[in-house]
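The values are calculated or read from the model by the stated rules, or taken from the named source; none is laboratory data. Since we're looking at a predicted model, the values are computed, not measured. Every residue, glycine among them, receives a Cβ derived from its backbone with ideal geometry; neighbour counts consider all protein chains shown.
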Amino acid sequence: MGCLRTRATIALAIAAALASGALLFAATPYVGAGTLAWFALVPAAAVAIRHWGTRAGRVVIPLGYTVYLELMFIPALPFGLTKDQWGDDPVVPILIGDSPVLITAIVIVPLVGLVLYLLHFPFFASRARLAPWIAMVAIPSLAFAALDFLRASFDPSGLWGPLFLSQEGTAGARLAELGGPALISLAIAFANFSLAYVLVRRRRGVPALAAATACALIATIGLAISGASERSRTLTVAAVQPGYDTAQYELPLLANFLSANRNDELGTLDLIADLTPLTEEAAAAGATLVVWPEATAWADPFTSEKTQQALSDLATRTNSAIVVPYFLRARSYGATVIVNADGEISRAQPKQRTMWFLGEKNDNRVAAQPVNVSGVAVGTMLGVDSQNASIARDLVKAGADIITSSTHDWEQAAPQHAAFSGIAATALDVPIVRADWRNVSAIFHAGGEVAASTGRPTKRGIAVAEIEVGAGSTPYRTVGDIVGWIAVAAAGATLLFGALAHARTRERAEAVDSDGDGDGDAL
């Protein structure tokens, strides 16, 4: 009977893990059912709480998180993805069939799940003596917030997985105003584990329910006090989306980028010529700030006279400032310049978060500083800079009235990446213009509402909108990532506390065994 019961419990844990993993995936920006995030973890959390201290209770959430990651990564990393893009010999050799999907799905994700299991994630304190609702609700909520914060801040694959992305475009995103993206993850996890705790422990779940209600009330009051900032200046902006990828060397347009006769200056001039009609269309629609996608120029705009002339002529002719990101292959780093309507080229704004695992360098990195464009301070971000909200926060603290985010995504990554921009626009109450080569170029009002977007399908076009410029004064702008770091500190301390408690328990057990052996010898 005991064996059958154990098998039934394990089967229940597997089913709960699959359910939670599938629900979490459905809540991602890629699928779009963000509301599901608020109860997606309940099946796994309920099993973990119901079977507290058992192997099934310990494995269910790491397994569910593993299923969640697999469901995201497998479709997001199709074979052929990196062809002619990431180089022949990336720093981290994980490519098979021009994609990291096999190594990711077969090795990396299962290894992550195993590590989480060995760490007793997300409870950590299961071996320590803490009040039940703290051990079963508060600690796992902090653990998920810490995991999301660390992944978004440092993990190259952090584009996929953070719970807070599910709330982009919803009322829940406004929690980021109070404490950044990590606070959204904390709230989602807390809601899930509170509900699971109440369902399993019923009357004994009253403390968790009361805590959840109090937190919701505090957040509501905080958001009401935060309010919206008043702005007096408007600006018409545009995001240019070329509709192709610069690794599509079969296109005649990109002939000068072929390795056999590569000429980065001529190739850059070809790209400028191709983006000219879109830029003119944006200017005709009233745009005075036009944003191009990442790595539009491959020649140094400060040393290539032909590149300088082409950019200056276009800006002058359209009477618009153009945000031009460039990448220097010989030096393996990227930056952005803004070509003003008078043809003057601004100082370079380096990329803040380099893709080191692809060999990208940060030799040119300096602290982010906005550029003055006709009285408007424009801050620029490149690539995965937008993955870390603190980079946008640094720009806002430096005086940015508007932020641009130039990216080079693919279809499966674009919705995730765009969600980061939306969350940052909400957290900092600042408008953000996102320009991508192929997918989801978008303009976000301050507060995160989408003003214009090209949508998901790969296509050529522009997004244009008139927006109010200027950054608000949200609590997150002041306190920064304190919520994320508190979550990391609390999770780390709990993990350490649990490990020490476990070590003391083992020492006592060994001492008892030793005394027992000694008594036996004496007899």
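Just one of R204, R151 is basic (K, R), modelled with pLDDT of 95 or more and in a helix (DSSP H, G or I); which is it? Give the steps one after another, and end with the answer.
Working: R204 fails: modelled with pLDDT of 95 or more.
The unique qualifying residue is R151.
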Quiz prompt | Qualifying position, being in contact with a Gly (Cβ under 6 Å, 6 or more places away or on another chain), among the small types (G, A, S) and in the same structural domain as L71 (by TED's automatic domain parsing), among A182, A196 | solution = A182
Quiz prompt | Single residue of the stretch 1-52 satisfying the filter (polar (S, T, N, Q) and farther than 19 Å from H120 by Cβ) that is farthest from the chain's Cα centre (by Cα) | solution = T6
Quiz item: Is it true that Q369 is within 18 Å of D155 (Cβ to Cβ) and assigned to a loop (DSSP other than H, G, I, E, B)?
Solution: no
Exercise. Take A56 and decide whether it is more than 20 Å from G158 (Cα to Cα), under 32 Å from the mean Cα position of the chain (by Cα), at pLDDT below 95 and not β-branched (V, I, T).
Key: yes
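Results for (1) at pLDDT 90 or above; (2) surrounded by 15 or more Cβ atoms within 10 Å (Cβ to Cβ); (3) closer than 26 Å to D409 by Cα, shown as yes or no for each residue.
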residue: L209; (1), (2), (3): no, yes, no
residue: A214; (1), (2), (3): no, no, no
residue: T220; (1), (2), (3): no, no, no
residue: L223; (1), (2), (3): no, yes, no
residue: L253; (1), (2), (3): yes, yes, yes
residue: L258; (1), (2), (3): no, no, yes
Quiz item: In the stretch 11-44, which residue that is out of contact with any Asp or Glu (no Cβ under 8 Å at 6 or more places or on another chain) and either charged (D, E, K, R) or farther than 14 Å from G64 by Cβ (or both) is surrounded by the most Cβ atoms within 10 Å (Cβ to Cβ)?
Solution: T28
Quiz prompt | Residues satisfying the stated conditions in the stretch 158-176, i.e. over 9 Å from the mean Cα position of the chain (by Cα) and buried (at least 24 other Cβ atoms within 10 Å of the Cβ) | solution = L163, S166, Q167, E168, A173, L175, A176
